[in-house]
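Heads up: the structure comes next, in structure tokens.
The values are calculated or read from the model by the stated rules, or taken from the named source; none is laboratory data. The model shown is predicted, which means the values in this text are computed figures rather than measured ones. Don't worry about glycine lacking a Cβ; one is built from the backbone with ideal geometry, like all the others, and counts go over all protein chains shown. Calculation scope for accessible area: heavy atoms of the full protein, side chains included, ligands and nucleic acids excluded. Shrake-Rupley method; radii C 1.70, N 1.55, O 1.52, S 1.80 Å.
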Amino acid sequence: MLMPYPWQTKQWRQLSHAVEQDRLAHAVLLSGAEGSGMEQFALEFARYLLCEAVVQTVACGQCRSCLLFNAGSHPDILVIKPENGGAQIKVDAVRQLIAYLQLSSQYGRHKIAIIEPAEGMNRHSANSLLKTLEEPAATTILILVSYQPGKLPVTIHSRCQKISFNQADRSVAYDWLNGQISDPEQTRALLELAGGAPLKALELNETDTVHKRREILADLQEARIPHTDPAKIAEKWQKYDLTEVLKWLLFLFSEMAAACCGAKTENADPSFIDKELRLLANGLDLPQVISCYDLALRNYHLLTGEFNLNKQSLLEELIVHWQSIRG
């Protein structure tokens with residue numbers, strides 16, 4: 001990719017204009033959802049900054065710098081990630097980054113480092129980075145990619161130029177995704193399940209997400225049968241990625257709420273999901289469905305928070321509440 005994804009053109013214009021006006025900050029914070037393409041954006045922006053023959057604010061792809069970048073051997077860029085699939089970026093990795101940034105650029109342009117995800121830095125790592133942020137070298141550019149910017153210290157935030165990717169243009173994202181998926185019928189549902197993040201939607205399409213989503217819907221149907229054990233359903237859901245389960249439930253409850261209002265559920269699969277959703281929503285009033293959505297949202301935040309809570313209990317609580325409402 002030598003160009004940003006089509007839903008990233010606004011952010012690209014912001015940064016490329018800052019470069020042209022010589023107003024680019026030494027530290028840039030890219031924040032947004034996973035699957036929005038921020039990591040790829042960061043790499044392409046780095047390629048652009050290092051390119052020796054920029055063409056209309058994008059890298060040429062052919063110069064010495066671009067060829068080295070393509071080969072993964074450009075000496076003026078360093079990418080820091082958690083080691084061995086872990087969650088934390090340790091202080092030793094940040095110290096390595098600091099030492100690297102203190103070296104002169106080998107090609108006389110920029111010295112660039114990318115940290116992804118930035119919230120992976122622990123307290124010691126973040127503190128080590130502060131001096132570099134406070135007193136950057138003239139050619140240094142630090143790009144932080146964050147999916148949970150709220151976890152970053154205020155001292156990091158305050159020293160960065162902030163670029164948000166939180167809301168991809170849904171119509172643009174849909175058009176792009178529609179060109180990638182062989183079954184366009186699923187495109188809107190996948191994009192909704194992915195929270196509007198096109199690359200996440202593409203990833204979901206390559207798994208059995210649609211099948212699992214239907215399983216979750218079938219479980220909600222089963223839970224309405226008298227004497228159904230909520231513990232068994234919760235145990236089944238724990239075999240899935242729980243954050244994804246709760247995202248699917250949020251999606252389904254939002255579609256049910258639309259059905260309660262008589263709205264067309266455009267994001268659902270018309271061959272199956274739409275019909276079943278309407279059957280489940282039949283006889284329920286909007287406050288009942290919203291109460292399920294609110295509880296699913298609360299439990300999602302609890303499960304993705306800092307505390308190690310009992311997942312089985314949170315799931316059972318939600319299922320019991322669903323069982324308690326009657327059409």
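Only a single item in (1) of a type in the set (Val, Ile, Thr); (2) farther than 21 Å from Glu215 by Cα; (3) open to solvent by 50 Å² or more (accessible area, probe 1.4 Å) is not met by Thr304, and it is number (3).
Would a scan of the stretch 124-139 turn up a residue that is in contact with an Asp or Glu (Cβ under 6 Å, 6 or more places away or on another chain) and buried (at least 19 other Cβ atoms within 10 Å of the Cβ)?
Within the stretch 124-139, not a single residue is in contact with an Asp or Glu (Cβ under 6 Å, 6 or more places away or on another chain) and buried (at least 19 other Cβ atoms within 10 Å of the Cβ).
Would you confirm whether any residue within the stretch 100-107 is more than 30 Å from Arg123 (Cα to Cα) and hydrophobic (A, V, I, L, M, F, W, C)? Scanning the stretch 100-107, I find no residue that is more than 30 Å from Arg123 (Cα to Cα) and hydrophobic (A, V, I, L, M, F, W, C), so the answer is no. Evaluation of Ala218 against the conditions (1) at pLDDT 85 or above; (2) surrounded by 15 or more Cβ atoms within 10 Å (Cβ to Cβ); (3) in contact with an Asp or Glu (Cβ under 9 Å, 6 or more places away or on another chain) shows that the sole unmet condition is (2).
Meeting the requirement of 1 or more residues that are of a type in the set (S, T, N, Q) and farther than 21 Å from Gly37 by Cβ, the helices (runs of 4 or more DSSP H) wholly within the stretch 177-259 are 209-223.
Within the stretch 145-172, the residues that satisfy the criterion of being part of a loop (DSSP other than H, G, I, E, B), touching a Leu at 6+ places or on another chain (Cβ under 8 Å) and open to solvent by less than 80 Å² (accessible area, probe 1.4 Å) are Leu152, Cys160, Phe165. Taking residues in the stretch 47-67 that are under 19 Å from Thr140 (Cβ atoms), and partners anywhere that are among the acidic types (Asp, Glu) and assigned to a loop (DSSP other than H, G, I, E, B), the pairs with Cβ atoms closer than 7 Å and at least 6 places apart or on different chains are Leu50/Asp76; Ser65/Glu52. Of all residues in the stretch 132-160, those that are among the charged types (D, E, K, R) have Cβ atoms under 6 Å from Cβ atoms of residues that are assigned to a strand (DSSP E or B) and open to solvent by less than 50 Å² (accessible area, probe 1.4 Å), 6 or more apart or on another chain, in Arg159/Ala27.
Can you find a residue in the stretch 230-242 that is in contact with a helix residue (DSSP H, G or I) (Cβ under 7 Å, 6 or more places away or on another chain) and under 29 Å from Trp7 (Cβ atoms)? Taking every residue of the stretch 230-242 in turn, at least one turns out to be in contact with a helix residue (DSSP H, G or I) (Cβ under 7 Å, 6 or more places away or on another chain) and under 29 Å from Trp7 (Cβ atoms). So which residues in the stretch 178-203 are hydrophobic (A, V, I, L, M, F, W, C) and out of contact with any Lys or Arg (no Cβ under 9 Å at 6 or more places or on another chain), if there are any at all? Once the filter is applied, which keeps residues that are hydrophobic (A, V, I, L, M, F, W, C) and out of contact with any Lys or Arg (no Cβ under 9 Å at 6 or more places or on another chain), the stretch 178-203 yields Ile181, Ala197, Leu199, Ala201, Leu202.
State all residues of the stretch 53-106 that are open to solvent by less than 30 Å² (accessible area, probe 1.4 Å) and among the acidic types (Asp, Glu); if no residue qualifies, say none. Within the stretch 53-106, just Asp76 meets the criteria. Of the residues making up the stretch 190-214, those that are under 24 Å from Ala234 (Cα atoms) and either in contact with an Asp or Glu (Cβ under 8 Å, 6 or more places away or on another chain) or surrounded by 15 or more Cβ atoms within 10 Å (Cβ to Cβ) (or both) number 11.
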